[in-house]
Amino acid sequence: MKSIIAVSILGLSLATASAANAEPVKIGVITTLSGGGAGLGIDMRDAFTLAIKQSGNKEIELIVEDDAQKPEIAVQLAEKMIQSDKVDLLTGIIWSNLAMAVVPNTVAQDIIYLSPNAGPSALAGANCNANYFNVAYQNDNFHEAMGQYANKDYKKTFVLAPNYPAGKDSLTGFKRFYKGELAGEIYTQVGQTDYAAEIAQIRDSGADSVFFFLPGGMGIAFMKQYAQSGVNIPVMGPGFSFDQDVLGAIGDAALGVKNSATWSKDLDNEANRKFVDAFQAEYKRLPSIYAAQSWDTANLIIAALSKTSVKDKDAFRAALKAADFKSVRGEFVFNNNNHPIQNVYVREVVKEGDVLTNRIVATAFEHHKDAYADQCKM
């Protein structure tokens, strides 16, 4: 097998030569490989390429590019991949504002897009599309789970999230199930690194708890400053804010924090054990939620390709919808809007030796459906 690797300012292209006389399947992967959100995209890319490698499928050609977490670059890359590279599928976007810039135009051109992460509400309801599959979740889901779990211990929660589609979905989701009082609600800047003003507001709010969604470098900055501030109000959040990609940087300040996710490395099923072992062996680090979702996305595509050609759009969409693959999350079923119906767990940050990680302590929802599926006409 011959591999071609090309590196440019915008990103990395990895092409796996196709089998003799077989037409390759081109998959465009647009993800974040530079800047404060790079860790998320790197985990996404690494898991996806490893899944393809382990499958032994020599017909798949990956074109991987860096969106630099900028919508305008993501749009340019998508158009290049569709018009010039003639990709059959697109995937990879981490951030919801980038997904909203890319997905509608992509599916309108009859290109199938599979999301390994971003799940904005605008694409789950009335604007659902037969060419759009979300293999991760709908944005509200993790936050709904923490709202439900917060009712157990808290009555006055302060909430904050970045001011972009996923941030708005996150607080909407939390409030949908939380029955207590809000001590305050703040939307911060995307990419913000100084949270002194927000922490001061939390200190003076009378809150008995804090729920925040700040993925990547934003969450690292917030937790470090929060720990240094001396404020001792307990925090909680979605798994993204306390996942493997950020725990090392946050440090012991994260110990004991409860967070929600559809996946954890201790989920007891064969597919998950194989995934965690393979990822660790290949990359010498534990996988994150982003890696797990990307692994599932790749394996869903591989399973569909084993049944039909990607050139037969109707048959390929039906093969994707069947979701006949072994998910690291266990049972995996698509709802009518092509978003998963799945369990959502509560995890706790623990230390295993010198490594911070998570373990499941509760199940918040079983077979959970997103709140927008009823608006989808599919």
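Below, the figures for the structure above:
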read-out: Residue list for the range 259-275, filter: open to solvent by less than 60 Å² (accessible area, probe 1.4 Å) and over 17 Å from the mean Cα position of the chain (by Cα); value: LEU267, ASN269, ALA271
read-out: Filter pass, ILE233 being assigned to a strand (DSSP E or B), of a type in the set (A, V, I, L, M) and either at pLDDT 95 or above or buried (at least 17 other Cβ atoms within 10 Å of the Cβ) (or both); value: no
read-out: Flag for PHE174 being closer than 13 Å to VAL235 by Cα, open to solvent by less than 10 Å² (accessible area, probe 1.4 Å), assigned by the TED database to the domain that holds HIS368 and in contact with a helix residue (DSSP H, G or I) (Cβ under 6 Å, 6 or more places away or on another chain); value: no
read-out: ALA291 among the hydrophobic types (A, V, I, L, M, F, W, C), free of Cβ contacts under 8 Å to residues at least 60 places away in the same chain, within 26 Å of GLU61 (Cβ to Cβ) and outside the structural domain of MET146 (by the TED database); value: no
read-out: Single unsatisfied condition, LYS26 versus (1) assigned to a strand (DSSP E or B); (2) in contact with an Asp or Glu (Cβ under 9 Å, 6 or more places away or on another chain); (3) open to solvent by 30 Å² or more (accessible area, probe 1.4 Å); (4) at pLDDT below 95; value: (4)
read-out: Test result for ALA362, open to solvent by less than 60 Å² (accessible area, probe 1.4 Å), touching a residue at least 24 places away in the same chain (Cβ under 8 Å) and among the aliphatic types (A, V, I, L, M); value: yes
read-out: Residues satisfying the stated conditions in the range 236-258, i.e. under 23 Å from GLY167 (Cα atoms) and open to solvent by 50 Å² or more (accessible area, probe 1.4 Å); value: LYS258
read-out: Condition met for SER3 (modelled with pLDDT of 95 or more, surrounded by fewer than 17 Cβ atoms within 10 Å (Cβ to Cβ), farther than 25 Å from VAL246 by Cα and of a type in the set (Ser, Thr, Tyr)); value: no
read-out: VAL349 vs. criteria open to solvent by 20 Å² or more (accessible area, probe 1.4 Å), over 17 Å from GLN138 (Cα atoms), over 18 Å from the mean Cα position of the chain (by Cα) and in contact (Cβ under 8 Å) with a residue 60 or more places away in the chain; value: no
read-out: Single match in GLY167, GLY206 (criterion: open to solvent by less than 60 Å² (accessible area, probe 1.4 Å), closer than 26 Å to THR32 by Cα, of a type outside the set (Asp, Glu) and not in a strand (DSSP E or B)); value: GLY167
read-out: Yes/no for ILE220 being closer than 28 Å to ALA47 by Cβ and surrounded by 21 or more Cβ atoms within 10 Å (Cβ to Cβ); value: yes
read-out: Residue within the range 303-311 that is part of a helix (DSSP H, G or I) and surrounded by fewer than 24 Cβ atoms within 10 Å (Cβ to Cβ) present; value: yes
read-out: Conditions (1) in contact with an Asp or Glu (Cβ under 9 Å, 6 or more places away or on another chain); (2) on the phi > 0 side of the Ramachandran plot; number of the one not met by GLY206; value: (1)
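The values are calculated or read from the model by the stated rules, or taken from the named source; none is laboratory data. Everything numeric here is computed off the predicted structure, so don't read it as measured data. Here the Cβ is made from the backbone with ideal geometry for all residues, glycine too, and neighbour counts use every protein chain on show. Just so you know, the surface numbers come from the protein's heavy atoms only, side chains and all, with ligands and any DNA or RNA stripped out. Shrake-Rupley method; radii C 1.70, N 1.55, O 1.52, S 1.80 Å.
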